[in-house]
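One structure below.
Where a number appears in this text, it was derived from the coordinates with a stated rule and is not lab data. Predicted model only: the values in this text are computed from it and were never measured. Note that each Cβ is placed from the backbone with ideal geometry, even for glycine, and that neighbours are counted across all protein chains shown.
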Amino acid sequence: MFIQVDRTGTVAKLTEMLQEVTRHENIKGVLILAGDANNFTPAQVDQDLKNMPVPVFGGIFPEIIYGQKKLIHGTIVAGLSVEPNVQIISHLSDMSADYDELIDEKIPDLGSTKTMLIMVDGLAKRIGSLIDSLFNVFGLEVNYIGGGAGSLSFQQKPCLFTNQGLIQDSAVLALLDMNSGIGVNHGWSTVSGPFKVTEVDRNIIKTLDYRPAFEVYREVVEKASGQVFTGDNFFNIAKGYPFGINKIGSEKIVRDPITLGENGSLICVGEVPKEGYVDILSGNVSSLVTAAGKALTRGQQAFKGTTPQTTFFIDCISRVLFLEKDFDQELKAVSTENMPLIGALTLGEIANSGKDYLEFYNKTAVIGVLEG
């Protein structure tokens with residue numbers, strides 16, 4: 001990859017970097033990662049995106065990663081030496097959308113695709129359904145890595161870069177003839193559970209064990225944390241106590257409760273299956289940093305190409321909020337001496353672990369060791 005970074009987050013620098021990257025004859029596609037604090041709008045960036053001579057894709061995230069630093073303001077523009085086949089799946093909150101059918105229509109043949117980079121609007125309501133459909137259609141024929149774009153304000157807005165402009169409530173799929181190795185790990189362990197999910201509406205858990213979800217959650221978390229929920233501290237406490245969806249034969253899938261809903265419900269990032277079982281989890285600095293290092297090792301071991309060139313790190317923004325100043329340790333754990341590190345701090349992470357199902361994760365470290 002030909003990588004450029006701007007730490008100011010200005011539109012002028014984005015324009016300049018796009019022009020610089022596309023001057024190179026061997027650049028056949030462009031990935032853009034931008035910080036939400038840049039406050040990019042369609043009015044500011046759409047003309048540049050529509051004028052791009054090569055396929056472009058990417059997202060606006062709460063924060064981005066360059067080297068061993070996280071950037072609140074800033075933009076990364078990465079030129080690709082292979083041409084991405086970029087497809088857009090719109091209406092990612094539409095309950096009537098048939099994503100199996102849409103994917104079949106958009107991508108009738110994987111061709112020589114080895115890796116699919118996936119950027120979704122992290123506040124869309126049917127991300128889990130899209131991920132299930134991708135697995136239904138393609139299985140594990142390719143490696144998948146990506147994450148949820150958007151803002152920590154939790155207000156949905158245009159957050160995905162495409163040649164059509166900046167869009168929202170969609171998924172952008174970039175199919176690449178590029179070798180990769182994917183590693184996934186989270187470092188959270190069970191505090192209490194399992195609890196049966198007795199009533200749920202996609203990403204809103206209404207009842208656990210036939211009781212209001214927050215009532216159950218509060219009992220466990222207040223006892224475990226020694227803290228008390230008040231009117232305005234839910235997220236500050238909850239960031240350390242996610243849910244873990246139990247999966248047969250594999251690591252739990254983490255779901256982040258981000259806010260209280262109506263009638264004692266809990267709103268999560270990502271869908272939760274009805275009649276499934278969840279645990280309440282906890283972790284610490286050591287367990288999370290160790291998990292990130294394991295994700296890198298797994299990615300390196302899974303890489304089947306010739307020469308890896310870039311470490312692509314998709315990590316949950318709520319891990320940053322939990323680790324605070326210790327997040328630097330996590331960045332060191334996934335850094336290698338001879339490879340550039342770029343990535344995004346996301347609203348949910350997307351990956352296959354190499355042998356298991358494709359999943360939409362929360363609070364999880366995902367590494368892609370990329371060739372080219």
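If you average 1/r over all unlike Cα pairs in segment 128-212 and invert the result, what Kirkwood radius do you get in angstrom?
16.9 Å
Quick check on the chain: of the DSSP beta bridges with both residues there, what percent are antiparallel, nearest 5%?
The antiparallel proportion sits near 80 percent.
Per residue of segment 317-332, in order, report the coupling 6.51 cos²θ - 1.76 cosθ + 1.60 (Karplus, θ = phi - 60°) as ³J(HN,Hα) in whole Hz, putting x for Gly and Pro.
So the Karplus estimates, Gly and Pro as x, are 4, 6, 5, 5, 5, 6, 6, 6, 5, 7, 4, 4, 5, 5, 5, 5 Hz.
Provide, for segment 189-280, the number of lysine pairs with alpha carbons under 17 Å apart, each pair being eight or more places apart or on different chains.
For segment 189-280, qualifying lysine pairs total 9.
Please compute P(r) over all alpha-carbon pairs of segment 189-280, binned at 10 Å starting from zero, and give each bin as a whole-number percent.
18, 58, 23, 1
What list of ³J(HN,Hα) values in whole Hz, one per residue of segment 232-238 in order, does the Karplus curve 6.51 cos²θ - 1.76 cosθ + 1.60 (θ = phi - 60°) give from phi, with Gly and Pro shown as x?
Whole-Hz 3J(HN,Hα) from phi for segment 232-238: 10, 10, 4, 5, 4, 7, 5.
Once amide H atoms are built 1.01 Å from N in the peptide plane, which residues 5 or more positions from Ile65, or in another chain, come under 5 Å H to H?
Those qualifying (amide H under 5 Å, at least 5 residues apart or on another chain) are Leu71, Gly343, Ala344, Leu345.
Please state the relative contact order of the chain as a whole percent: Cα pairs under 8 Å, 6+ residues apart?
RCO, the chain: 21 percent.
Calculate for the chain the 222 nm mean residue ellipticity that helices alone would give, adding -39,500 (n - 2.57) per DSSP H run of length 4 or more and normalising by residue count, nearest 500 deg cm²/dmol.
Computed mean residue ellipticity for the chain: -7000 deg cm²/dmol.
Using amide H atoms built 1.01 Å from N in the peptide plane, name the residues 5+ places from Gln156, or on other chains, whose amide H lies under 5 Å from its own.
Those qualifying (amide H under 5 Å, at least 5 residues apart or on another chain) number zero.
Using DSSP, restrict attention to beta bridges with both residues in segment 260-372 and report what percent are antiparallel, rounded to the nearest 5.
65 percent
Beta carbons within 10 angstrom, averaged per residue: use that to sort the peptides 21-33, 122-134, highest first.
Sorting 21-33, 122-134 by mean packing, highest first, produces 122-134, 21-33.
Quick one, which of [x] 31, 59, 9, 0; [y] 24, 37, 15, 12, 9, 3; [z] 25, 46, 23, 6, 0 is the actual P(r) over Cα pairs in 20 Å bins from 0, in percent calculated for this model?
Comparing each candidate, only [x] matches the computed number.
Hey, what do the phi angles of segment 31-39 turn into as Karplus ³J(HN,Hα) couplings, whole Hz, using 6.51/-1.76/1.60 and θ = phi - 60°, x for Gly and Pro?
Result, ordered by residue: 9, 10, 10, 9, x, 4, 5, 5, 6 Hz.
When DSSP beta bridges are limited to those with both residues in segment 49-150, what percentage is antiparallel, rounded to the nearest 5?
Around 30 percent of the beta bridges assigned by DSSP in segment 49-150 are antiparallel ones.
Contact order normalised by length for segment 189-280, with contacts defined as Cα pairs under 8 Å and 6 or more residues apart; what percent is it?
In percent, rounded to a whole number, it is 42.
When a/c reaches 1.5 or more, the comparison of a/b and b/c decides; with that in mind, is segment 22-108 rounded, prolate or oblate per its Cα gyration tensor?
Judged from the Cα gyration tensor, segment 22-108 comes out oblate (a/c at least 1.5, b/c at or above a/b).
Select from Cys268, Gly244, Ala292 the residue farthest towards the positive end of the dipole of segment 232-304; place +1 on Cβ of Lys and Arg, -1 on Cβ of Asp and Glu, and compute about the Cα centre.
Ranked along the dipole, the leading option is Ala292.
Using alpha carbon centroids, what distance separates segment 195-237 and segment 327-372, in Å?
The two parts, judged by their Cα centres, are 28 Å apart.
I'd like the distance between the alpha-carbon centres of segment 140-193 and segment 72-99, rounded to an integer number of Å.
Here the two parts' Cα centres lie 9 Å apart.
With a 10 Å Cβ neighbour count serving as the proxy for reagent exposure, in which order, fewest first, do Tyr66, Tyr357, Tyr241, Tyr217 appear?
Fewest to most other Cβ atoms nearby, the residues stand as Tyr357, Tyr66, Tyr241, Tyr217.
Tell me, how many Å apart are the Cα centres for segment 107-138 and for segment 45-65?
19 Å
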